[in-house]
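These notes are about the structure you will find just below.
Since every read-out is calculated from the coordinates, none of them should be taken as a lab result. Note that the structure is a prediction, hence the values are computed from the model and not measured. Cβ atoms come from the backbone with ideal geometry, glycine included; neighbour counts cover every protein chain shown.
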Amino acid sequence: MTLVHRSRRLVLAAGLLLVTLGVAAPALAATIAVSIADKAFDPSSIVVAEGDTVTWTVTKSINEGHTVTSGAPNDATPGSIFDSGIANIDKLKDNGGTFSFKFDKAGTYAYFCQVHPSMVGSVTVLAAGSAPGASEAGIPIERRAIGAGILIVTLVVLFGAAMVWRRMNPA
């Protein structure tokens, strides 16, 4: 076997490993969608895990801008945790407009629209391992399948690399 053939196999094995890592990375944190339709957040209350990102998207425009502001309409300092900004009101005016925020700390976060104070919602952030659908071990059920797939692909790549190594370096 020539050096070129050996190099190709090593490059192929390294490429498979990189693809596996690229596929696995997004599984570690999720993005949860909340729709802004007319003058309402849908769903108005959600539960997420620490590290998840919530993205609010205008799906049914009323030709008026919106904000996504932490707190309640009567708070003294609304928007102290997250705020899409009243100055950027046009960002959430037309269909497809979005605002995202990553929740890194457990707790319950109320939010509202500064333009339409009757638009309210809440995000409950659960500590790592206590996400909805979590098993007794603290691993969310939907992520178990992803973990199993990653394990299988990793084993195939490692055994393949061992086979290539043995062929390249006969005893």
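Amide H to amide H distances under 5 Å link Lys93 with His66, where only residues 5 or more positions off or on other chains count and H is placed in the peptide plane.
Fully extending the segment from Thr124 to Leu155 would add 7.5 nm, taking 0.36 nm per residue of separation and subtracting the current Cα-Cα distance.
By the count of neighbouring beta-carbon atoms within 10 Å, fewest first, Val157, Val58 end up ordered Val157, Val58. The lysines whose alpha-carbon is closer than 24 Å to the alpha-carbon of Lys60, local same-chain residues fewer than 8 away aside, are Lys39, Lys91, Lys93, Lys102.
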